Structures are given as C-alpha cells and as structure tokens.
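The values are calculated or read from the model by the stated rules, or taken from the named source; none is laboratory data. In this text, all values refer to a predicted model and were calculated from it rather than measured experimentally. Methodologically, a virtual Cβ is constructed for each residue, glycine included, from the backbone with ideal geometry; neighbour enumeration extends over all protein chains shown. Please note that ligands, DNA and RNA were not included when accessible areas were found on the heavy atoms of the full protein model with its side chains. Shrake-Rupley method; radii C 1.70, N 1.55, O 1.52, S 1.80 Å.
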Amino acid sequence: AQSVTQLDSHVSVSEGTPVLLRCNYSSSYSPSLFWYVQHPNKGLQLLLKYTSAATLVKGINGFEAEFKKSETSFHLTKPSAHMSDAAEYFCVVTSRGGGGNKLTFGTGTQLKVEL
Amino acid sequence: GAVVSQHPSWVICKSGTSVKIECRSLDFQATTMFWYRQFPKQSLMLMATSNEGSKATYEQGVEKDKFLINHASLTLSTLTVTSAHPEDSSFYICSAPKASFELENIQYFGAGTRLSVL
C-alpha cells in the first residue's frame with residue numbers, strides 16, 4: 001500500500017521569496033516520488049522525480065526536492081518564487097516493487113504568488 | 001520529452017449521449033495507459049488501467065459498462081463515457097508510461113478533456 005499526504009492545501013508567497021510545499025509519503029516498497037504541476041485546465045507537467053539515486057533532486061524551473069527516508073518526506077522548494085509558478089502542485093508516489101506504474105496522488109497544494 | 005496527446009480538450013454533450021475521448025502517445029509506444037478523473041479543486045483519481053490487447057483493469061467503484069476503454073494499438077487508448085449524465089461532468093486525464101534511462105517508467109500526461117453534460 002502507498003499513500004501521500006500534502007500538508008497544505010493552499011500556500012501563498014510573495015514574488016521573490018522562497019517556496020516550500022510539503023509532502024509526506026508511505027510505501028510498502030521502495031518508493032519513487034514525483035512532483036507534478038498543473039496550470040488551470042491543463043494537463044500535468046513533471047517537475048522532478050526521485051527514483052533511487054541522489055536524495056536531492058533538481059527539477060525544471062528552479063525547483064528541487066529532497067528525499068528524506070527517516071522523515072518519509074519529499075518537500076518541494078524553490079529559492080525565489082515567480083508569478084508564473086502560481087499553479088496546483090501534486091506530490092505523487094509509486095512503488096517499484098508493488099505494481100510498477102500505478103500512481104497515487106496527493107490532494108494537491110494550490111500555490112498563490114503575490115506581487 | 002515524451003508527448004501524450006488527448007482529444008478533444010473540451011466537449012459538451014446532451015444527457016444520454018456517449019462521448020469518446022482519445023489518448024495518443026506521439027513519440028513512444030505504450031502497452032499500458034491510465035485514465036484519471038479530476039473533480040474541481042480535487043486530486044486525480046485513477047479510474048482504470050488500459051492494456052493493449054487485453055481488457056482494461058478498473059478501480060473499485062468505477063463502472064466498466066459506463067466507462068468503456070479500448071486500447072486499440074500501442075499508441076492509442078480511448079475512453080467512452082456511455083449514456084452520459086450531468087454527474088459524469090468532470091476533467092478526464094490520461095497518462096502513459098515511458099521508460100527513462102534509469103529504467104524507471106515516467107508517466108506523461110495528456111492535457112485533459114473537460115466534459116460537460118447538459
């Protein structure tokens with residue numbers, strides 16, 4: 001079994017300030033973790049992924065996330081928010097040993113970026 | 001990166017009619033594709049797994065006679081919402097996995113289809 005908890009449904013930051021979107025997971029197998037971004041009425045775009053290599057993962061648009069097994073966390077960060085970052089963000093887990101491609105989505109975090 | 005095309009992007013239909021949504025992997029083959037449903041301001045819920053050459057696998061609570069899935073080729077899966085009703089109005093998204101160089105399958109998503117049933 002696997003699950004994902006996104007701790008904040010809404011996050012609001014000022015442009016130019018850091019972004020932190022929190023995600024905790026549980027998995028019966030070695031997890032692969034992803035962050036996807038969804039802009040209004042659009043499909044999902046992969047920001048970054050953790051499989052089994054480096055625990056600090058760098059993605060597109062300046063985002064990065066750190067896999068912390070001891071804390072079962074995979075928080076998404078960005079040093080400086082941009083207006084174009086405003087979107088819905090989903091933390092996603094899949095288990096390599098337990099079913100391959102089946103993804104489990106978190107409930108999403110709506111990021112608002114203010115001037 | 002890989003591209004998954006979903007068509008149509010938006011459809012309005014009358015109650016009782018059927019609607020077909022297509023999902024194509026444009027630059028890779030996908031023996032498996034996934035169909036999700038997303039309600040407003042909510043997360044994606046997996047509906048079913050589409051399998052090329054065999055029957056789709058439906059998640060618990062999803063009516064297979066209501067949501068017909070056909071995986072006609074290695075690049076095309078279709079979802080048909082039969083006898084649509086207003087409660088079927090939603091955002092439907094497909095995805096297809098493609099192996100990356102790390103041998104992990106990365107899911108690529110279509111842009112989604114907004115279905116409105118009047």
Q. In percent, what relative contact order does chain A have, based on Cα pairs under 8 Å that are 6 or more apart in sequence?
A. 38 percent
Q: Restrict the search to segment A:1-70; then list the trypsin sites (Lys or Arg not before Pro) that DSSP places in a loop and that have at most 11 other Cβ atoms within 10 Å of their Cβ.
A: A:Lys69
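Over 25 Å between Cα atoms: which of B:Lys55/B:Lys98; A:Lys58/A:Lys102; B:Lys66/B:Lys98 fall into that group? List each step's numbers first, then the result.
Working: B:Lys55/B:Lys98 21 Å; A:Lys58/A:Lys102 23 Å; B:Lys66/B:Lys98 28 Å.
In this structure, B:Lys66/B:Lys98 lie more than 25 Å apart at Cα.
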**Q.** Cα-based reach from A:Lys78 at 19 Å (exclusive), listing aspartates and glutamates while leaving out same-chain residues under 8 positions away
**A.** A:Asp8, A:Glu15, A:Glu64, A:Glu66, A:Glu88, A:Glu114
Q: List the cysteines in the protein assembly as shown whose Cβ has no other cysteine Cβ under 4.7 Å from it.
A: B:Cys13
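Accessible area, 1.4 Å probe, largest first: how do B:Thr32, A:Thr5 sort? Working shown, then result.
Working: B:Thr32 30, A:Thr5 70 Å².
Largest accessible area first, the list is A:Thr5, B:Thr32.
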Q) So how far, in whole Å, is the C-alpha centre of segment A:1-45 from the one of segment A:52-115? A) 4 Å
Q) If B:Ile69, B:Ile93, A:Ile60 are ordered by their accessible area, calculated over protein heavy atoms with a 1.4 Å probe, which sequence runs from highest to lowest? A) A:Ile60, B:Ile69, B:Ile93
Q. How about B:Lys20: which aspartates and glutamates have a C-alpha closer than 17 Å to its C-alpha, ignoring those fewer than 8 places off in the same chain?
A. B:Glu63, B:Asp65, B:Glu87, B:Asp88
Q.
At 1.4 Å probe size, put A:Glu88, A:Glu15 in order of accessible surface, largest to smallest.
A. A:Glu15, A:Glu88
Q | Residue among A:Gly59, A:Gly43, A:Gly16 with the largest mean-square fluctuation in a Gaussian network model of chain A, springs linking Cα atoms under 10 Å | A | A:Gly43
